Amino acid sequence: MDFFKQQDDSRRHTRWLVIYFGLGVAGITMCLYLASLLIFTGVTHDRRHRPAVSQRVELWRPQLFLWVSGLTLSVIGVGSLSKILELSQGGSVVATSLGGRLINPNATNPDERKLLNIVEEMAIASGIPVPQVYVLPGERGINSFAAGNSPSDAAVAVTSGALRVLSRDELQGVIAHEFSHILNGDMRLNLRLMGVIFGIMCLAVIGRVLLEVRSSGRDKNPLPLIGLALLLIGWIGVFFGRLIQAAVSRQREFLADASAVQFTRNPLGLASALKKIGGWSNGSQVNNAHATEASHLFFGSSSASGFWGFMETHPPLESRIRALDPNFDGVYPKVAASEFATAPQESTAVGAPPLRVFPIPGRPNVAAIAGSKAHPVAPVIVTSGLLSTVGNPEKANLRFAATLHEELSARVQMEARDPLGACAIIYALLLSEQPEVHQIQVTGLTEQAGPEAVAETLRLEGEIRALAAHAKLPLVNLAMPALRLMSQSQFEQFQAATRGLIEADRQVDLFEFMLQKIVVRHLAPHFAEPPREAVEFYALRPLAQDCAVLLSALAYAGQTESEAIATAFRRGAEVISYSARTPLRLEERSNCELAHIDQALNRLARAVPQIRKLTLQSCLRTVAADELVTELEAELLRAIADALACPLPPEFSAPATQS
């Protein structure tokens, strides 16, 4: 699987969806215009209130067409836009609308703990933040879904039936399937489909209202007829919209199954989960009233198929199983009702401990050069085929995640799942080893976050500092669900505190900056209006200067000698210079300050996937110019990949897992 190709495919599907939507709206508008033309012609009366004997039908009535088209476009546009804006708040909105209950990150219920552990391992192996995890209580069918606009606001939900009936291997296969949707960009497309169909459905709703309007007096009232036309044409539009929805969904489901197998290297786990759906009396049915409009999100069909399978959002169950298990004989094993027992009960209530909020003093201006601090770490050999792992984790990455999960102490894991503890972990990652700087940081943190946060940070500092470099970004991803439980004021305080820790010595290195950028980037959609992530750059040439800034900063961060710096930059710049047809030059250190790097990354993140791929390839060539990649450089690569929305698994930077 090629992550960048899948991203391009997702964009292309979205583009075709817009075209289909435009054609559908145009067709609906013309049908409503013709219906209105006949209705208003039919109710024309002479002065004696008798139908006109000879009524000439004018096919083109500009004023009527403007009214019909204006109202139609307004209803569909407002309906679709309002739904898309609602869904843009993230996967949690979808999960809540389907009756989902957020699982406490510190849940002790065995089934919930099993699910959380699987999701955490998958997220670490994929190189993305741990998504919010929901359970659909009372849903006895075996099903799940992933929803959101990006990995930053993704949510994964499973039914209580799946949670209780599936074994760990089977549940792992199902969750791997959902992570494929997260990594391949399917979630955004799925939410767009929901918005489009909802807008068209608004016509049918208005039609139903108008159909109930009754005439009064001797004059004919055209509103019921208009309502009937809206109802019929609206539902016809919904029908064709659902056909598009089903066709797109079926194609992506096969891809997600294949990606899940590549991830887990256990096709029988996923196949066994599908077989249990076939043998379970409730199948994959979801009873929530909103399940139909979200049917394309689910792992399995949430309702009975109709129209001979044309409206089915998922491939036939037997076809999916045979693709995973060619020896399947078509007989589904019966699942005993006793395996379900009762729905899992809610464990500890979700809530964030209150953090004291202090006024934040003004921050000093920072004019730091990237790489101004030295990090003495052992070099490791960079693995080949690194770009092929972007958004495309494999079994080795999952093993690394499971091992890391086990190696983290119970105390660190517990703190990572608590809001205050998660904040303390981030603070501890930013504490300096230099005593004078450390003291300044502790003093500032006391003023900004309070003594309780400082005490927790100092208690964790030793364990956090002892972690290998390749474990730090996965730990940040592990802490993300707990950080999302902060209030708005706590988040603002947290931002100020992390900024204060970084700026304490007025020297900010690139790793500290990227660590802060990762945290803020993934938390911002939860606490603020999600930024519009529209693609703005389709050519590399306008971004050549941004690439030069980024590659120069990496060269300064990884090398100390002038000649080595120039060589490292030249190795990375070759790719960009050739593709952009323009030479790149090594920037002065003063042009590689963090503000410049931040601006460059923000612009590059708005480029098409293939440009981001070239950028990441150039960064890799820069840090590997001396044929060695330090753990710091490896983590910088992961952080840059994250900023470019290209999730890079952590396994390549772990010396113990190199082959």
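The values are calculated or read from the model by the stated rules, or taken from the named source; none is laboratory data. Predicted, not measured: the structure shown is a model, and the values here were computed from it. Note that we place each Cβ from the backbone using ideal geometry, even for glycine, and neighbour counts take in every protein chain shown.
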*For residues in the range 272-294 being surrounded by 19 or more Cβ atoms within 10 Å (Cβ to Cβ) and hydroxyl-bearing (Ser, Thr, Tyr), which is farthest from residue 83 (Cα to Cα)?*
272
*asked:* If I filter the range 177-231 down to residues being in a helix (DSSP H, G or I) and β-branched (Val, Ile, Thr), which single residue comes out as modelled with the highest pLDDT?
replied: 182
*Which of (1) closer than 30 Å to residue 432 by Cα; (2) buried (at least 22 other Cβ atoms within 10 Å of the Cβ); (3) over 32 Å from the mean Cα position of the chain (by Cα); (4) at pLDDT 90 or above is the odd one out, the single condition residue 504 does not satisfy?*
(4)
*Got a number for residues in the range 621-634 being under 23 Å from residue 611 (Cβ atoms) and within 27 Å of the chain's Cα centre (by Cα)?*
2
*Among the candidates 193, 163, 183, which residue alone is under 16 Å from residue 290 (Cβ atoms) and crowded, with 24+ Cβ neighbours inside 10 Å?*
193
*Can you name the helices (runs of 4 or more DSSP H) wholly within the range 63-170 that have at least 1 residues being of a type in the set (Val, Ile, Thr) and under 27 Å from residue 389 (Cα atoms)?*
110-126
*Could you list, in sequence order, all residues of the range 371-391 that are touching a Pro at 6+ places or on another chain (Cβ under 8 Å) and either crowded, with 23+ Cβ neighbours inside 10 Å or modelled with pLDDT of 75 or more (or both)?*
390, 391
*Scan of the range 558-607 for residues that are outside any helix (DSSP H, G or I) and modelled with pLDDT of 90 or more, ordered by number*: 561, 581, 582, 583, 584, 585, 586, 587, 588, 605, 606, 607
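Residue under question is residue 246, and the condition is that it be in a helix (DSSP H, G or I) and at pLDDT 85 or above; does it hold?
No: the conditions fail for residue 246.
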*Select from the range 604-630 the residues that are within 19 Å of residue 556 (Cβ to Cβ) and among the β-branched types (Val, Ile, Thr) and write down the one among them that is surrounded by the fewest Cβ atoms within 10 Å (Cβ to Cβ).*
630
*Between a first residue in the range 480-494 that is in contact (Cβ under 8 Å) with a residue 60 or more places away in the chain and a second residue that is basic (Lys, Arg) and buried (at least 20 other Cβ atoms within 10 Å of the Cβ), which pairs have beta carbons less than 8 Å apart while being 6 or more apart in sequence or on different chains?*
481/417; 482/417
*Which of (1) in contact with a His (Cβ under 8 Å, 6 or more places away or on another chain); (2) more than 21 Å from residue 261 (Cβ to Cβ); (3) not polar (S, T, N, Q) does residue 146 not meet, given it meets every other one?*
(2)
*Since residue 638 meets every condition but one in (1) of a type in the set (D, E, K, R); (2) more than 25 Å from residue 123 (Cα to Cα); (3) surrounded by 21 or more Cβ atoms within 10 Å (Cβ to Cβ), which condition does it not meet?*
(2)
